[in-house]
Every structure is written in structure tokens, then in C-alpha cells.
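Asks: My structure is below; once you've seen it, I'll send some questions.
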Amino acid sequence: MFVKICGITSEEDALLAIAMGADAVGFVFAPSPRQMAPQLVRDIVRRLPPEVLTVGVFRDESTARVVEIVGQVGLRAAQLHGRETPEETRWVKERVPVVFRAFAAGDPAVGMADHYGADAILVDGASPGSGEVFDWALAGETPGGLRLIVAGGLTPENVVAAINSVHPWGVDVSSGVESEPGRKDPRKLRAFIAAARSTQHSHPERLAERDHPDAALHGNEGPYDWQEDD
């Protein structure tokens, strides 16, 4: 089970999430209580382990600016959370190793998610970052064969129910593991990741080792090549 901790605002919280076992950490560049400046994120990212997927979250930003910030900061992924078209998403994907395309639950565009060329599709609530839970049945509108990440109001208490309902490839959380907006709670982080990994849809898997940290991000298999431990 892929676990992304979003809304990171400090090096301390980024390292905490990684220490607790997160696969990815997200930094918000869109208007939000957790919005970060590119230079500050760059200072954090350069001190993180290279195997961790670092994700920049954008909303209705110009595609050129998305690619510029990803390169400037040293991120390995972009998450497009606005009204980006399939053409714009594919344009970013040609220039960024990993792209997640986010949709609000119930958005008719979810049914065409396979046209965007993204590595994974994220289904969130109507107000990202609000902590509001959506009807998980709406995630079923995503076309089959795509990696699905579920977000929106997830907490240590409900993530197992969400996973058992939706059967996603991954989960994404921000406010559900915070002590206050922009600050992560160590106990909630630990509980969330442990709960996500405890489900029947998780396996004793590990990230396949590669000669180069970015090698696993390329090819037709998407951002990660998971394999079971012997």
C-alpha cells in the first residue's frame, strides 16, 4: 500500500513522515494554509533520502511553471489538482518523472481519467485539505487498470474502512494526521501508516532496489515496482 503524507511544511515533519514509513511526502504550492514557497521546499528536499518520492501539489498553475518549480526545487513528482486538461497533463508528464492527476469525487472527468496519461489518479473530496470525507463509492467511477489513490478526510480511524471499500493502490492524508494546520502529529502519523499497512490489501512489500534512485520512476509500470519479500 502506497502511503503519501501531504501538506508538509517543515523539514522536521518531512523526516518524521519518512521515519514512520511514508513512501511519499507532498508540498503544496497552491493557495492553502499549508502553501509553501519553492525555495523553502528546496531546502527541505535536498536533505531528504533520495528514495522518497517528493511531490509538488499544484492547482491551475501554468504547465510551464509546474515543470519549472519541479526542476528548481528538485522534486520527483507533480500532482495536478485543478482543471488541467488531458493535453496539459500529458505535457507535464513528458517533462516530469511522475505525475498524479487529482479529481474531486463525483467529477464527470473521473470517467475519462485514463486519457490523462498520469502515473496514478487521486480521488479527493470536493474541498482538498478540508478533512471532509466523500462517498467512497464515487471512487468506483475511475476507469479500471489505473493506479488509484484515495484522499479526503482520511484518518487513522477510518483509513482501513476506506481501503476495504475502495481497494486503492494508495492513500493520501494531510489534515487527518495533524495536531494543527500544517503541523503533523507523530502519534497520528504512526497510527495512520500502521493501519494502512495492516489491511488485507497490503502485502509485505518493499521498494525494488535500483542502481539510480529515479530509475524506478520510468517505464510502463508507473512510479514504483513493488515486489514481495521472500
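Asks: Among the residues of the stretch 113-144 satisfying the criterion of being modelled with pLDDT of 85 or more and part of a loop (DSSP other than H, G, I, E, B), which is nearest to Ala24 (Cα to Cα)?
Replies: Asp119
Asks: Looking only at the stretch 2-55, count how many residues are buried (at least 19 other Cβ atoms within 10 Å of the Cβ), of a type outside the set (Gly, Ala, Ser) and part of a loop (DSSP other than H, G, I, E, B).
Replies: 9
Asks: Something else about it: Given Gly26, Gly56, which one is in contact with a Cys (Cβ under 6 Å, 6 or more places away or on another chain) and either touching a residue at least 60 places away in the same chain (Cβ under 8 Å) or within 23 Å of Tyr116 (Cβ to Cβ) (or both)?
Replies: Result of the check over Gly26, Gly56: Gly26.
Asks: Tell me, please, whether a residue that is among the polar types (S, T, N, Q) and more than 12 Å from the chain's Cα centre (by Cα) can be found in the stretch 79-97.
Replies: Filtering the stretch 79-97 for residues among the polar types (S, T, N, Q) gives 79, 85, 89.
Remaining after also requiring more than 12 Å from the chain's Cα centre (by Cα): 85, 89.
Yes, the stretch 79-97 contains a residue that is among the polar types (S, T, N, Q) and more than 12 Å from the chain's Cα centre (by Cα).
Yes/no per residue for (1) closer than 26 Å to Gln39 by Cα; (2) not in a loop (DSSP other than H, G, I, E, B):
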site: Ile69; (1), (2): yes, yes
site: Trp91; (1), (2): yes, yes
site: Arg95; (1), (2): yes, no
site: Phe103; (1), (2): no, yes
site: Gly111; (1), (2): no, yes
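Asks: Going by what's in this entry, would Ala196 be described as modelled with pLDDT under 90, within 17 Å of the chain's Cα centre (by Cα) and either outside any strand (DSSP E or B) or buried (at least 24 other Cβ atoms within 10 Å of the Cβ) (or both)?
Replies: Here the answer is no, as Ala196 does not meet what is asked.
The values are calculated or read from the model by the stated rules, or taken from the named source; none is laboratory data. In this text, all values refer to a predicted model and were calculated from it rather than measured experimentally. Using ideal geometry, Cβ is built from the backbone for each residue, glycine included, and neighbour counts are taken over all protein chains shown.
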